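Readers should treat all values here as calculations from the given coordinates under stated rules, not as data from a laboratory. Here the structure is a predicted model, which is why all the values come from computation and not from measurement. Methodologically, a virtual Cβ is constructed for each residue, glycine included, from the backbone with ideal geometry; neighbour enumeration extends over all protein chains shown.
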Amino acid sequence: MSSTQQDFFASLIYIRSRILQGREHIILQGRLSDGRNYGTVQPYRPRFFIPAAWKSLAEEQASRLQLDMTAHTEEVWHNMAGTSLLRISFPHIRQLQTMHRSLKQESIPCYEGDIPVTQQFLIDHPIPLFYRFRGVPVPGERVDIRFQGVDLVDITLEEEPVEAIDPDSARQSGGGLPEIRTLSLDIETTRDGKILCISLSGKPWNDCVLMLDRGLATLYPPDPPHKEPGFSILSYADETALLNGFRENLLTMDPDIITGWNVISFDMAVILRRMDQLGVPGDLGRSREAALFTPGRDDFPDMADLPGRLVIDAMKLQRMSPGHFDSYSLEHVANRLLGTGKTEKFQSHSKMRELELLWDENPGEFARYCMEDARLVLKILDANGLLEITFQRSRLCGTSLSRSWASIHSFEQLYINRLHRMGIAAADEDSERLEMNESPGGTIIFPRSGTARRVLVLDFKGLYPSIIRTFQVDPLAHAQWRCAGAALPQGYASWSEHLPDTSPWIISPNGAGFSRTGGILPELLDRFYEYREKAKKAGDANAAYAYKILANSFYGVLGSPGCRFAGSDLATSITGFAREILYWSRDRAEEHGFQVIYGDTDSLFLIPPEDTADSELEPRGSSFARWLNTELADFIREEYGLVSRLEIEFESIFAPLFIPPLKSVSGQELRDMLESAGLDAPQGRAKSYAGIAHEPAAFPSPDARLVIKGMEAVRRDWTGLARRVQEDVLKLIFSSASREAILGYIQSTVEGMEKQENYQQLIISRRLSKPASGYRESAPPHVRAARIAEDRIQPDRPLKKIRYVMTGEGPRPVFPGENIPLPVPDKQWYIQKQILPVLESISAAVDWDLHGSCMRRYDPGGQMDLWQ
């Protein structure tokens, strides 16, 4: 192997720090573009900053504490207020922590002394996920190639070190992007925690199941169907041999990422515990060190550390992504995302017993079940692009892959990187904090209740990021205003007044000021939006989405106490500008003849003038949106001397749209109330509406869909019966169904309930935060149901979730698949507690007393007829 320096293109998968021979070293591992894995050991001196005026005291403390401190007097550093700082460094993190504690006790301000050493390294050396370096390669023992004493001096995109590498330019200058190899695993165990089999699935390897010997062929199924490829079966005499076989296969496969469903807290935790108990070497990574499982505590999750590899829990990725699932079991998510997938063949309360039976009677199907879990995880990650989005977030923020979804960590990494380019260090998290109060949230223009025949919805694209870009809302820009001691210009009574564009300051509606120049976030977001548009044009949906969710996270981070840069002045400046813009837009809409019936944060709901033909809705809405953007740009230029980054778009048409009143009333009662009060509509429920949504360009659209927000039909704490009744009745109302048709539907629903049709929709599903025995006697219904369930079926472990129905005797658990008769539901309870309440909330959508008619029919006395 050559002894001269060579250029390499690599991925950075794993980073950690180690003290070797009394010095801090950073270990970087990943894969080269030629497919080989690599490792580098980089010497590094941890550092933090102090006011330069305290240099002598720091040197005295270092001498007294016998610390090897270096003061980097040749460098120029400042804090955000402009005070001169001194960077001091140490041979390893323990010495740094000793000095940091000592100076804190002396009330000396410290900067970045609380940042972990690997994060310090990535701030000082902003290495993206894919990067270039130059070094002298030597053969490795547990890695294909290693580098010793290599300086990372040739990091790609030196001017833009935290942005994504363009794949095309990367290929032109030295091969394609390094491949990141992902392996999915799943284990099945006995009830006492012994491992029966381990499935491994992923490219470029052949899928295999490692299992205790049950006399199966080496390929299963022997004649696999076309849509379900077979997999290898590797049999072992006992669990020790099985785990040794797992170790050998894992080291041979050499994945960069290991994933699975709850893979850290269960699969890896069990594997590492059994390896330790049985004396099997735990060196599953790319070093001789044993893999380590660390139980979570407080706000820190469980961790599995396999040196050189990254373990990513697919279930946690799914929880962090947009959208919500009623259950995060693998079966439920697979069926929801993939449409088809794993059937819920085992009940959670008896899964262990059923698996034991399958193991005894059909070990081949047991192996197939284990393999199906591993394969489904990869299909889910492929379907929603979550791994690719994880890579994109790491590339954008300069974070390690393991921390790429931590919003505050990502923001701070990104922001401090930018501060350092300006020679500025960030204060410790507990120093120089802005005041933090509760954020007021989004602005509401309180809705007018009732049913509107046609409603146009206009929506600001990325309102909060656009406000940051337009009005320079930024921690550094705010610090410059605070530290300048700016005085109000002559003739101005308060900071809440708009200042002329000749002023160096921009004042938000809450009175906080920002410098017109020098802000970091506005410039970052400008580039993010530019790159997002490029990604969209290139068809890279995952990259475009990564830019979007990162930009949208900035407001939340600036209002979070966990972020060192956060403060109420920043968060309320954003919401204050949003309120001003929403109200300004409302006034312009009303001047143009629109009736504004609702507004929420970034959206306006407008009723067009009555003489607007259906064919004119799209051109009128689009024309108004274009005019409003032009007027808003003029307003911001004239009032603030700024260029507007705000854009409102004509998003959809509702025809019709129903907003429920604050107090549930019938349509007739609503009209009577309006007439007596001389009003056109009473106040409606904010964030609650239902309607038929159409695409503006295709109105009326054949693909129009029912949209429900904030009502019972979209809340998980209601039964499927209640959700279905509300959805179906709304569809009937919106299609102008007759009173008889609506009441007939309700009648048939009640009759179907009596016949136990759609029984699944009567089942109530709840989670238990602790074992049922841990609740008091006066427990809620789901706990009482769980106690009955545990007494009757003796589950493998305390129930975490219970499914039950309400009967005449109270809550009773449901045991599908247990050959236990289904409990008989209490019809009257479901009518009174589920059907009638959801009808009450939409009764005002018709011009007759829907709720009252049903109440009379289903009154416990039963004297009145439904059709009266």
Query - R0 of 56 Å, Cβ-Cβ distance D847-A217: FRET efficiency to nearest 0.05 - result: 0.20
Requested in this report: Give me the Debye-computed log₁₀ of I(q)/I(0) at q = 0.10, 0.12, 0.13 Å⁻¹ for the range 444-708, equal point scatterers on Cα only, no solvent, two decimals.
Outcome: -0.61, -0.85, -0.96
Query - Net charge, G296 excluded, C-beta distance under 14 Å - Lys, Arg +1, Asp, Glu -1 - result: -3
Requested in this report: Calculate the length of the line joining the C-alpha centroid of the range 240-301 to that of the range 188-214, in whole Å.
Outcome: 13 Å
Requested in this report: Hand me the GluC sites (Glu not before Pro) from the range 574-662 located in a DSSP loop with no more than 11 other Cβ atoms within 10 Å, in residue order please.
Outcome: E610
Query - Overall Cα dimensions of the range 1-156 - principal axes, largest extent first, Å - result: 52, 33, 24
Query raised in the report: How much length is gained if the chain between Q683 and E610 is pulled fully straight, taking 0.36 nm per residue apart and subtracting their Cα-Cα distance, in nm to one decimal?
Result: 24.1 nm
Requested in this report: Specify the inter-centroid distance of the range 572-637 and the range 32-74, based on alpha-carbon positions, in whole Å.
Outcome: 55 Å
Report task. Would you mind checking the pairs K548/K687; K55/K104; K709/K731; K203/K379; K770/K801; K687/K833 and listing those with alpha carbons more than 20 angstrom apart? Result -> K548/K687; K687/K833
Query - Burial ranking of peptide ranges 252-264, 16-28, 388-400 (average Cβ count within 10 Å, highest at the top) - result: 388-400, 252-264, 16-28
Query raised in the report: For labels at Q760 and D430 in the simple 7 Å Cα→Cβ model, what's the distance in nm?
Result: 5.3 nm
Report task. Kindly rank 513-522, 370-379 from highest to lowest mean number of other beta carbons found within 10 Å of each residue. Result -> 370-379, 513-522
Query raised in the report: Between D238 and V714, how many nm apart are label points set 7 Å from Cα along the C-beta direction?
Result: 5.9 nm
Requested in this report: Averaging over all projection directions, find the projected area of the Cα convex hull of the range 536-594 and quote it in nm² with one decimal place.
Outcome: 6.4 nm²
Query raised in the report: Applying 1/(1 + (r/R0)^6) with R0 = 35 Å to the Cβ-Cβ distance of R527 and K770, what FRET efficiency is obtained, to the nearest 0.05?
Result: 0.15
Report task. Starting from the Cα of T83, step 7 Å along the direction of its Cβ; do the same at D7; then give the gap between the two resulting points in nm. Result -> 4.5 nm
**Report entry** P(r) histogram, all alpha-carbon pairs of the range 182-384 included - 10 Å bins from 0, percent
**Finding:** 8, 36, 39, 16, 1, 0
Query raised in the report: For the residues S466, S623, S568, what sequence is obtained by ranking on other C-beta atoms within 10 Å, fewest first?
Result: S623, S568, S466
Report summary line: For the D298, R421 Cβ pair and Förster radius 30 Å, calculated FRET efficiency rounded to 0.05 is 0.30
Report task. State the extension gain, in nm to one decimal, for the chain segment bounded by D276 and Y583, taking 0.36 nm per residue of separation less the distance between their alpha-carbons. Result -> 104.1 nm
Query - Centroid-to-centroid separation of the range 684-740 and the range 422-467 [C-alpha atoms, Å] - result: 28 Å
Query - Cα Rg over Rh - the range 545-650, Kirkwood - result: 1.05
Query raised in the report: Kirkwood Rh over Cα pairs of the range 690-844 into Stokes-Einstein at 10 °C, 1.306 mPa s: D in µm²/s?
Result: 90 µm²/s
Report task. Starting from 0 in steps of 20 Å, tell me what percent of the Cα-Cα pairs of the chain lands in each bin. Result -> 12, 35, 37, 15, 1
